[in-house]
Amino acid sequence: DTGVSQDPRHKITKRGQNVTFRCDPISEHNRLYWYRQTLGQGPEFLTYFQNEAQLEKSRLLSDRFSAERPKGSFSTLEIQRTEQGDSAMYLCASTSGTSPYEQYFGPGTRLTVT
Amino acid sequence: QKEVEQDPGPLSVPEGAIVSLNCTYSNSAFQYFMWYRQYSRKGPELLMYTYSSGNKEDGRFTAQVDKSSKYISLFIRDSQPSDSATYLCAMSAGNYGQNFVFGPGTRLSVLP
């Protein structure tokens with residue numbers, strides 16, 4: 001296992017389009033997090049899954065954002081009706097139940113909304 | 001006031017120097033403290049993780065937590081040009097790892 005992977009690495013879309021990102025966590029990790037990071041800022045928490053259950057969502061996560069983890073393995077983050085303010089790096093991280101504070105991040109998906 | 005603050009830098013030091021990176025925070029409920037290194041256009045990489053107050057050492061890296069002052073530090077000894085990156089601190093109040101809060105990061109340049 002080579003770590004957390006994310007796809008695509010880059011996405012350019014026009015305002016108003018829908019986009020979907022995928023995250024594959026480290027295989028034995030049961031917790032999965034999504035973050036958004038803009039230039040010069042640290043990652044901002046968006047949402048968190050334990051297995052397939054979405055346990056917490058940030059108030060940053062407007063109703064245009066939805067995340068799923070259908071079988072407790074990979075996760076998807078969808079943004080509907082994208083806006084220019086959605087341009088950011090979207091990061092996924094995973095942790096194990098035995099070391100819940102050791103987060104391992106993927107390389108991120110860089111979204112540009114034109 | 002943001003929950004977690006860091007000096008954004010950039011911080012430039014000569015190769016071999018000891019580097020001190022710091023974060024302050026306002027939420028006294030934070031108990032878990034992490035340091036990440038992030039290279040440009042990459043995801044953060046976990047360097048150190050500590051619980052509550054005290055010191056932790058790992059190779060050239062030492063993390064310190066002073067909960068009474070709400071202040072954490074990361075020291076890098078014998079800094080190398082490959083240490084040039086943005087360093088992020090992160091904290092959590094617990095609850096099985098929910099809701100980590102990150103600082104904005106400090107950009108470090110180690111000059112050969």
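The values are calculated or read from the model by the stated rules, or taken from the named source; none is laboratory data. Worth saying up front: this structure is predicted, and the values here are computed from it rather than measured. As a convention, Cβ positions derive from the backbone with ideal geometry for all residues, glycine included, and neighbour counts pool all protein chains shown. SASA here: full protein model, heavy atoms, side chains in, ligands and nucleic acids out. Shrake-Rupley method; radii C 1.70, N 1.55, O 1.52, S 1.80 Å.
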- Check the stretch A:97-114 and report whether any residue there is more than 12 Å from chain B (Cβ to nearest Cβ) and surrounded by 15 or more Cβ atoms within 10 Å (Cβ to Cβ). yes
- Message: I'm checking my understanding of the structure. Among residues of the stretch A:8-28 that are closer than 10 Å to A:THR76 by Cβ and open to solvent by 30 Å² or more (accessible area, probe 1.4 Å), which one is nearest to the chain's Cα centre (by Cα)?
- Response: A:ARG22
- Query: Would you call B:SER69 touching a strand residue (DSSP E or B) at 6+ places or on another chain (Cβ under 6 Å), outside any strand (DSSP E or B) and either more than 14 Å from chain A (Cβ to nearest Cβ) or exposed (fewer than 14 other Cβ atoms within 10 Å of the Cβ) (or both)?
  - Reply: no
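Yes/no per residue for (1) away from chain B (no Cβ under 14 Å); (2) at positive phi; (3) assigned to a loop (DSSP other than H, G, I, E, B):
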{"site": "A:GLY16", "(1), (2), (3)": "yes, yes, yes"}
{"site": "A:PHE21", "(1), (2), (3)": "no, no, no"}
{"site": "A:PHE45", "(1), (2), (3)": "no, no, no"}
{"site": "A:PRO70", "(1), (2), (3)": "yes, no, yes"}
- Message: Being open to solvent by less than 30 Å² (accessible area, probe 1.4 Å), within 20 Å of A:THR98 (Cβ to Cβ) and more than 10 Å from every other protein chain (Cβ to nearest Cβ) is the filter here; which residues of the stretch A:47-68 pass it?
- Response: A:PHE49
- Residues in the stretch A:65-77 that are touching a strand residue (DSSP E or B) at 6+ places or on another chain (Cβ under 6 Å) and more than 18 Å from A:THR95 (Cβ to Cβ) total 4
